[in-house]
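Visitor: One structure, pasted below without further comment.
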């Protein structure tokens, strides 16, 4: 991996282990903590309809115990040293991560290696965790923000892996068997499909030795497989415009209005970042000022841009009282149309760049953020842009760049998702 100029940075090191497992680290001066993450190149978009929710189910199960540690042992190991330990599943990857004192990094590496390579995945654990996940699905179904964004994705991408919720459905989770989950684990949890990333007070050579020992269980690192390359697609995934709604006994109406965005390798993503900030990225943004401050139509309003290997979405999310819905939609549509035809002002361009630069630097002040930057770059992008290079690309964005991307995106057919009380069209 390069730093964008073709040279390996002085503080970042990368090693390829047998089996294709990649280890990458960044030494941070003046820190006493270390963060480590195991990034696995599998997520909900890799699931067939019969395996819907399997990635997330498996994430839960790897905490349930190994042949060396019980579930309690796993929890106690990190709790006893004051560590933070968790995991999450996304549409294109799964991450297991820990943050500990630098002296306890070997323990965190060993626990993670044990979980990844040595989990029992027993039938009893599958049944116990099935109920936990069903409770989690019910919890998300009570959250209007989760419901409306899941509906938005379902309308945009239809009955496809990208259009389905990450946690699965009651029906799919109830139907999943232990053998299906075990086969999924064996197929996707391979060294060549993983990255171990660490940042903080980390000695790379020592880290590599620890990873080699912890992940060498059961011959896991045998072979000489080439690392799985990042997902790539020259063809963008089609977005299906339309309106989708659901009735829930909520006090507010929650809506997401959007359209097709950019895939994650599109060079226009830097211009879109500036545009997104000016449009709805903070309290000085157009949408916040017009929808909340001037008209008092909603408490929460923001814009967003999401990127995947072959697709993306842009949109606006709002929560408002039911009798304000029509006015909110009218104002949001007017603002999107205005920015599509006129772009943004020079003052908004300057402010947007400053907000992006500040967010980038402040977001990398801790070891966990640095670790995530390394892991995602290696697994998803196969390129690590230096902070200076990212800042330079943001600074290079012009008013014309922003106007062009706004015209291209906000002139497209809409996807609209609405959740709230009463019948919806």
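Visitor: Just to be sure I understand: of the beta bridges DSSP finds with both ends in the chain, what percent are antiparallel, rounded to 5?
Guide: 80
Visitor: Turning to a different aspect of this structure: If each residue of separation counts as 0.36 nm, what is the full-extension length gain between residue 205 and residue 79 once their alpha-carbon separation is subtracted?
Guide: That pair, residue 205 and residue 79, stretches by 42.7 nm at full extension.
Visitor: Quote the relative contact order of region 242-420 in percent (integer), defining contacts as alpha-carbon pairs under 8 Å separated by 6+ residues.
Guide: So the answer I get is 39 percent.
Visitor: How big is the Rg/Rh ratio for region 12-219, C-alpha atoms only, Rh by Kirkwood, two decimals?
Guide: Values: Rg = 17.6 Å, Rh = 17.9 Å.
Ratio of gyration radius to Kirkwood radius: 0.99.
Visitor: Sorted by average packing, counted as other Cβ atoms within 10 angstrom per residue and highest first, what order do 47-53, 87-93 take? Present the calculation step by step, with values, prior to reporting the outcome.
Guide: Working: 47-53: 17.4, 87-93: 19.6.
Top of the packing list down: 87-93, 47-53.
Visitor: What 222 nm value per residue comes from the helices of the chain, counting each DSSP H run with n ≥ 4 as -39,500 (n - 2.57) and dividing by all residues, nearest 500 deg cm²/dmol?
Guide: The helix-only estimate for the chain comes to -12500 deg cm²/dmol at 222 nm.
Visitor: What is region 94-155 by shape, rounded, prolate or oblate, if you read a ≥ b ≥ c off the alpha carbon gyration tensor as root eigenvalues and call it rounded for a/c under 1.5, prolate for a/b larger than b/c, and oblate otherwise?
Guide: Values: a/c = 3.01, a/b = 1.67, b/c = 1.80.
Oblate, since a/c reaches 1.5 and b/c is not below a/b.
Visitor: Using all alpha carbons of the chain, what is the percent of pairwise distances in each 20 Å bin, ordered from the shortest bin to the longest?
Guide: It works out to 24, 54, 22, 0, in whole percents.
Visitor: Considering only C-alpha atoms, what is the centroid distance from region 239-313 to region 107-138, in Å?
Guide: Cα centroid to Cα centroid, the span is 35 Å.
Visitor: If we sort 334-344, 262-272 on the protection proxy, mean other Cβ atoms within 10 Å, highest first, what's the order? All intermediate terms of the calculation are to be shown ahead of the outcome.
Guide: Numbers: 334-344: 17.2, 262-272: 18.8.
Result, highest mean first: 262-272, 334-344.
Visitor: Need one word for region 342-425: rounded, prolate or oblate. Basis is the Cα gyration tensor (sqrt eigenvalues a ≥ b ≥ c); a/c below 1.5 gives rounded, then a/b vs b/c decides.
Guide: Since a/c reaches 1.5 but b/c is at least a/b, the shape of region 342-425 is classed as oblate.
Visitor: Would you mind calculating the relative contact order of the chain from Cα pairs under 8 angstrom and at least 6 residues apart, reporting the percent as a whole number?
Guide: Reported relative contact order: 24 percent.
Visitor: Roughly what would the spin-label model give for residue 11 and residue 170, points 7 Å off Cα along C-beta, in nm?
Guide: 5.1
Visitor: Between residue 266 and residue 102, what FRET efficiency comes out of the Förster formula 1/(1 + (r/R0)^6) with R0 = 35 Å and r the beta carbon distance, rounded to 0.05?
Guide: 0.35
Visitor: Can you figure out the FRET efficiency of residue 48 with residue 232, using R₀ = 22 Å and their beta-carbon distance, to the nearest 0.05?
Guide: Using R0 = 22 Å, I get an efficiency of 0.55.
Read-outs: derived from the displayed coordinates by stated rules, not from any lab. These numbers were taken from a predicted model, which means no experiment stands behind them. Neighbour counts are summed over all protein chains in view; Cβ atoms, including those assigned to glycine, are modelled from backbone coordinates with ideal geometry.
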